[in-house]
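Trainee: The following block contains the structure, expressed as structure tokens.
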């Protein structure tokens, strides 16, 4: 659609086109148009008769073509929502997933139940969505956040500033928790856990940074190293929360018991019923 059209016409055209590359073409079209017109999705839905032209119309056509060429919608937008907040993204950063909100909810529940424990570690922070959200939801929490890449750390620092928690979140370029001594009361980690042997078969590997997905053989490489480090960085009485892949539950439970024999170890399932979170509570 090169000629100007109404919001309703533009959305209909985009929805039909996006049907070939998206499972939610209507929603994607609305988000794209609202972003390009610098308005809200609710305004878009309430004004189907409004004309789309000028710079906003041209920006929308360019954004639509990027989506149709296979680029992920959040990377086209440059942001994605997580736990009610908008996080800025780059193509070097993993897109925040709804299932990761389970980790945040478990972390917040622990912090509410333990008001004297206020030192947290976010390992593999990426966009910073976990560490920044924990800090934003807990006014006196101090967070250290690590990542191997400079691009993710740059994005995470920007998100911390955007959400008003930069003074309480310290970002460190590091391999897992290696340079930090702790002990930390709460450790949160959404590390790569996709098995390297299946990665090439997945569409996500062509749309998102491979480094943020590749978990090594069986997907357990980084998870194993992180669990093995818990005796050195997790405080007694502290809790570690590690997001895992479906089918990895029994393996990571075994690793956790080997690393901390006296710990209480549990699994939490996501809304689809898959094991999604390893919960390790360190006991004396």
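The values are calculated or read from the model by the stated rules, or taken from the named source; none is laboratory data. Bear in mind the structure is a predicted one, so any value in this text is a computation, not a measurement. Glycine also receives a Cβ, built like all others from the backbone with ideal geometry; neighbour counts cover every protein chain displayed.
Trainee: With the checklist (1) surrounded by 14 or more Cβ atoms within 10 Å (Cβ to Cβ); (2) in contact with a strand residue (DSSP E or B) (Cβ under 8 Å, 6 or more places away or on another chain); (3) in contact (Cβ under 8 Å) with a residue 40 or more places away in the chain in hand, flag the one item residue 284 doesn't pass.
Mentor: Among (1) surrounded by 14 or more Cβ atoms within 10 Å (Cβ to Cβ); (2) in contact with a strand residue (DSSP E or B) (Cβ under 8 Å, 6 or more places away or on another chain); (3) in contact (Cβ under 8 Å) with a residue 40 or more places away in the chain, the lone unmet condition for residue 284 is (1).
Trainee: When you scan the stretch 201-220, how many residues do you find that are under 21 Å from the mean Cα position of the chain (by Cα) and either closer than 14 Å to residue 278 by Cα or free of Cβ contacts under 8 Å to residues at least 12 places away in the same chain (or both)? Quick ask: steps written out before the conclusion?
Mentor: The first filter runs over the stretch 201-220 and keeps only residues under 21 Å from the mean Cα position of the chain (by Cα), leaving 202-216, 219-220.
Still in the running and either closer than 14 Å to residue 278 by Cα or free of Cβ contacts under 8 Å to residues at least 12 places away in the same chain (or both): 202-205, 210, 220.
So the count comes out to 6.
Trainee: Quick one: is residue 15 closer than 19 Å to residue 91 by Cα, at pLDDT 95 or above and surrounded by fewer than 19 Cβ atoms within 10 Å (Cβ to Cβ)?
Mentor: Working: closer than 19 Å to residue 91 by Cα: no; at pLDDT 95 or above: yes; surrounded by fewer than 19 Cβ atoms within 10 Å (Cβ to Cβ): yes.
The answer is no for residue 15.
Trainee: Limited to the stretch 192-204, what total is found for residues that are under 11 Å from residue 72 (Cα atoms) and either assigned to a helix (DSSP H, G or I) or touching a helix residue (DSSP H, G or I) at 6+ places or on another chain (Cβ under 7 Å) (or both)? Break it down stepwise before answering.
Mentor: From the stretch 192-204, those under 11 Å from residue 72 (Cα atoms) are 203-204; that's our starting set.
If we keep only those that are either assigned to a helix (DSSP H, G or I) or touching a helix residue (DSSP H, G or I) at 6+ places or on another chain (Cβ under 7 Å) (or both) too, we end up with 204.
Counting residues in the stretch 192-204 that are under 11 Å from residue 72 (Cα atoms) and either assigned to a helix (DSSP H, G or I) or touching a helix residue (DSSP H, G or I) at 6+ places or on another chain (Cβ under 7 Å) (or both) gives 1.
Trainee: Pull up the stretch 159-175, narrow it to residues that are touching a residue at least 40 places away in the same chain (Cβ under 8 Å) and either out of contact with any helix residue (DSSP H, G or I) (no Cβ under 9 Å at 6 or more places or on another chain) or outside any helix (DSSP H, G or I) (or both), then point me to the one that is surrounded by the fewest Cβ atoms within 10 Å (Cβ to Cβ).
Mentor: Going through the stretch 159-175, the residues touching a residue at least 40 places away in the same chain (Cβ under 8 Å) turn out to be 159, 162-163, 169, 171.
Among the residues that remain, those that are also either out of contact with any helix residue (DSSP H, G or I) (no Cβ under 9 Å at 6 or more places or on another chain) or outside any helix (DSSP H, G or I) (or both) are: 163, 169, 171.
Working: 163: 18, 169: 26, 171: 21.
Looking at residues that are touching a residue at least 40 places away in the same chain (Cβ under 8 Å) and either out of contact with any helix residue (DSSP H, G or I) (no Cβ under 9 Å at 6 or more places or on another chain) or outside any helix (DSSP H, G or I) (or both), I get 163.
Trainee: Right, here's the next one. Which of (1) farther than 24 Å from residue 93 by Cβ; (2) in contact (Cβ under 8 Å) with a residue 40 or more places away in the chain; (3) within 20 Å of the chain's Cα centre (by Cα) is the odd one out, the single condition residue 240 does not satisfy?
Mentor: (1)
Trainee: If you don't mind, another one. Take residue 145 and decide whether it is crowded, with 17+ Cβ neighbours inside 10 Å, modelled with pLDDT of 95 or more and part of a helix (DSSP H, G or I). If you could, list the steps in order and put the result at the bottom.
Mentor: Numbers: crowded, with 17+ Cβ neighbours inside 10 Å: yes; modelled with pLDDT of 95 or more: yes; part of a helix (DSSP H, G or I): no.
Spelling it out, it is not the case that residue 145 is crowded, with 17+ Cβ neighbours inside 10 Å, modelled with pLDDT of 95 or more and part of a helix (DSSP H, G or I).
Trainee: I've got another one for you. If you check 186, 267, which single one turns out to be in contact with a strand residue (DSSP E or B) (Cβ under 7 Å, 6 or more places away or on another chain), within 25 Å of residue 109 (Cβ to Cβ), part of a strand (DSSP E or B) and in contact (Cβ under 8 Å) with a residue 60 or more places away in the chain?
Mentor: Within the list 186, 267, the selection yields 186.
Trainee: What about residue 126, is it within 23 Å of the chain's Cα centre (by Cα) and closer than 30 Å to residue 184 by Cα? If you could, list the steps in order and put the result at the bottom.
Mentor: Numbers: within 23 Å of the chain's Cα centre (by Cα): yes; closer than 30 Å to residue 184 by Cα: yes.
So residue 126 passes the test.
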